[in-house]
1. Each residue of the range 13-29 in turn: what ³J(HN,Hα) in whole Hz from Karplus with 6.51, -1.76, 1.60 and θ = phi - 60°, glycine and Pro shown as x?
2. Residues with beta-carbon under 14 Å from that of V11, excluding V11: net charge, scoring Lys, Arg +1 and Asp, Glu -1?
3. Provide E35, E45 ordered by accessible surface of protein heavy atoms (probe 1.4 Å), highest first.
Amino acid sequence: MITYGGNAMSVDATIATMKLLKLHGMAQSIAELSEQASSAYSKAEPILQQ
């Protein structure tokens, strides 16, 4: 879960938000990395939570 403004966001919600912001490449990367449960996603998760 990713928190945003005090609310928890799922990976799906984060991807939807990225797409709304026209950040399609970033949304695709988040989806792929979360599916792989990669170490890169795990390390980036705290940054995404801000």
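The values are calculated or read from the model by the stated rules, or taken from the named source; none is laboratory data. The model shown is predicted, which means the values in this text are computed figures rather than measured ones. Positions of Cβ are generated from backbone atoms using ideal geometry, with glycine treated the same way; all protein chains shown enter the neighbour counts. Heavy atoms of the whole protein, side chains included, go into the accessibility calculation; ligands, DNA and RNA do not. Shrake-Rupley method; radii C 1.70, N 1.55, O 1.52, S 1.80 Å.
1. 5, 5, 4, 4, 5, 4, 5, 4, 7, 6, 10, 5, x, 5, 4, 5, 5
2. On the way: positive: K19; negative: D12, E32, E35, E45.
Counting the neighbours of V11, the net charge comes to -3.
3. Numbers: E35 155, E45 50 Å².
In descending accessible area the options line up as E35, E45.
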